[in-house]
1. Quick one: what pairs do we get from the stretch 88-116, first residue part of a strand (DSSP E or B), second among the acidic types (Asp, Glu), C-beta under 7 Å, 6+ apart or different chains?
2. Out of all the residues in the stretch 56-73, is one or more assigned to a loop (DSSP other than H, G, I, E, B), within 56 Å of the chain's Cα centre (by Cα), in contact (Cβ under 8 Å) with a residue 12 or more places away in the chain and closer than 15 Å to residue 12 by Cα?
3. Can you name the condition, by its number, that residue 352 falls short on among (1) farther than 26 Å from residue 217 by Cβ; (2) within 31 Å of the chain's Cα centre (by Cα)?
4. Could we say that residue 40 is assigned to a loop (DSSP other than H, G, I, E, B), buried (at least 22 other Cβ atoms within 10 Å of the Cβ) and among the small types (Gly, Ala, Ser) here?
5. Would you mind finding the one in 12, 27 that is assigned to a strand (DSSP E or B), in contact (Cβ under 8 Å) with a residue 12 or more places away in the chain and of a type outside the set (Phe, Trp, Tyr)?
6. Kindly indicate whether residue 189 is of a type outside the set (D, E, K, R), outside any helix (DSSP H, G or I) and either within 29 Å of residue 292 (Cα to Cα) or at pLDDT below 95 (or both).
7. Could you check, for the stretch 307-315, whether at least one of its residues is in contact (Cβ under 8 Å) with a residue 24 or more places away in the chain, farther than 29 Å from residue 223 by Cα, away from the ligand (no atom under 16 Å from the Cβ) and among the hydroxyl-bearing types (Ser, Thr, Tyr)?
8. Which of the following residues is surrounded by fewer than 12 Cβ atoms within 10 Å (Cβ to Cβ), within 59 Å of the chain's Cα centre (by Cα) and of a type in the set (A, V, I, L, M, F, W, C): 258, 212, 223, 205?
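The values are calculated or read from the model by the stated rules, or taken from the named source; none is laboratory data. Keep in mind that what you see is a predicted model, and the values were worked out from it rather than measured. Cβ sites come from the backbone with ideal geometry, for glycine too, and all protein chains shown count toward neighbours.
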Amino acid sequence: MNVLIVEDNADVRKLLLYTFEHHNCTVTEAQDGQEGLELAALHKPDVIISDALMPRMDGFQLLRALKADPALQSIPFIFYSSTYTGVEEEKLILSLGAEAFVAKPTEPEELWQKTCAIMDAWQVRQRKPAHPAIDESDEQYLREYSRIVASKLEEKVKELEVALALRIQAEDELRCLNAKLEQRVAREVEQNREKDRIMAHQSRLAAMGEMLSNIAHQWRQPLNNISLIVQNLQVEYEMDVLTRDSCREYVSECMEILAYMSRTINTFSTFYQPDRVRQLFELYPAIADALSLVREDLESHGIAYGIVNEYDSCVNGFRNEFSQVLLNIIVNAKEALLMRQPPAPKVSIVCSQEGASAVVTVSDNGGGIPPEILDKIFDPYFTTKFMSQGTGVGLYMSKMIIEKHMGGRISIANRADGVDGVDGAEVTIELPLAPPAASDGRAAV
Ligand code: ADP
């Protein structure tokens, strides 16, 4: 069967084309009534299936033009419309000589079935007299056609007005939503800034607390020495054995110790001073600085420590902040070791390189981190330490410093083959190497 499909919607056209071709029909497509009329004259199809509303020439006009042409008027015409679905419209369509009216949308397969049925009925009717020829000046038709088109246009205009009103309302709502969203984003950003400020403040407080506790550690021995010297002075004086020289010696010893104590304060306060500018610095001395601050503390708890410097690596960033990160990690390792009390507690630091990165690992044999909290320990305020002992900001701030300030990466993992083959945690810091990086191997304590 040769089918001419007249339809301005390309998707509907394609669907009908596939369906009819699937049933071995030869299909010709036209985009509007005008083209439909030309193709009908050219191909003389067995049936025409036409949409109603189309540009240039609509379905009514096409039907009228076909029925007015003696060469084309006998081609069965199926009106396929979603616009003109009323009884009046159907009456007019049939009165113009269409074989049938099918309302859109109809499943393609169903349309095919209906087309076959319509064609069968048409064959039977063919034996009866054909439709009367259409009179071009048929006033009745023109009146009816104009009324239907006008009423459909009115409906369309109303639909468009409603759609427009809805669209305007939706746009207003969208604008309102956008404004609210912007306000919310601004509020969130401000809250985040505030949170960061608070965290930085807490981290400073924690650092200060650490500094005081380290100073206290460093001062314990010299204070003890001064107390012994003063007691000696008193005893010697009371026993009347204090000479001018021994008195001078005691005073000078005291002065030396006091100078050492004062240096300790300087060292710590410089260490905790925030960096103002980025600088090129070598990792090994910055790590050694951090270690020197807790050296006595570690020793006093019997914790061994060591740095292996496989490569002298130079990076670009904030030296003091980096040392504070290291101090944080070492203190965490110390606390884990004090909790777990392994037979030979140890903290090991290795500086190495991998490709374009300097890599620093800090491992301990303090038992490691329970797997269920591994993905939380970089969260702000996450701590497993009792009450005042932990703030939970150490690793969070370390991550900020390494990843946000210095463009590196910090991660933590458990190692079953940790220090001396005992379970423990290993923190890895990777930082982009600053050129030129020296590359001779070197090992240190
Ligand atoms: P805080 O030390 O104040 O608790 P951190 O952010 O520095 O805060 O550490 C978060 C948590 O990570 C700690 O409470 C601890 O449970 C865990 N942790 C960090 N380092 C280690 C480590 N070396 N061994 C075991 N647990 C660790």
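1. Between residues of the stretch 88-116 that are part of a strand (DSSP E or B) and residues that are among the acidic types (Asp, Glu), the close pairs are 101/90.
2. no
3. Among (1) farther than 26 Å from residue 217 by Cβ; (2) within 31 Å of the chain's Cα centre (by Cα), the lone unmet condition for residue 352 is (2).
4. Numbers: assigned to a loop (DSSP other than H, G, I, E, B): no; buried (at least 22 other Cβ atoms within 10 Å of the Cβ): yes; among the small types (Gly, Ala, Ser): yes.
No.
5. Values: 12 fails: assigned to a strand (DSSP E or B).
That would be 27, the only listed residue that is assigned to a strand (DSSP E or B), in contact (Cβ under 8 Å) with a residue 12 or more places away in the chain and of a type outside the set (Phe, Trp, Tyr).
6. Numbers: of a type outside the set (D, E, K, R): yes; outside any helix (DSSP H, G or I): no; either within 29 Å of residue 292 (Cα to Cα) or at pLDDT below 95 (or both): yes.
In short, no.
7. Here is the first cut: in the stretch 307-315, the ones in contact (Cβ under 8 Å) with a residue 24 or more places away in the chain are 307-315.
Checking the rest, the ones that are also farther than 29 Å from residue 223 by Cα come to 307-315.
Checking the rest, the ones that are also away from the ligand (no atom under 16 Å from the Cβ) come to 307-315.
This time we only want the ones that are among the hydroxyl-bearing types (Ser, Thr, Tyr), so: 311, 313.
The answer is yes, given that some residue of the stretch 307-315 is in contact (Cβ under 8 Å) with a residue 24 or more places away in the chain, farther than 29 Å from residue 223 by Cα, away from the ligand (no atom under 16 Å from the Cβ) and among the hydroxyl-bearing types (Ser, Thr, Tyr).
8. On the way: 258 fails: surrounded by fewer than 12 Cβ atoms within 10 Å (Cβ to Cβ); 223 fails: surrounded by fewer than 12 Cβ atoms within 10 Å (Cβ to Cβ); 205 fails: surrounded by fewer than 12 Cβ atoms within 10 Å (Cβ to Cβ).
None of the other options fit; the residue is 212.
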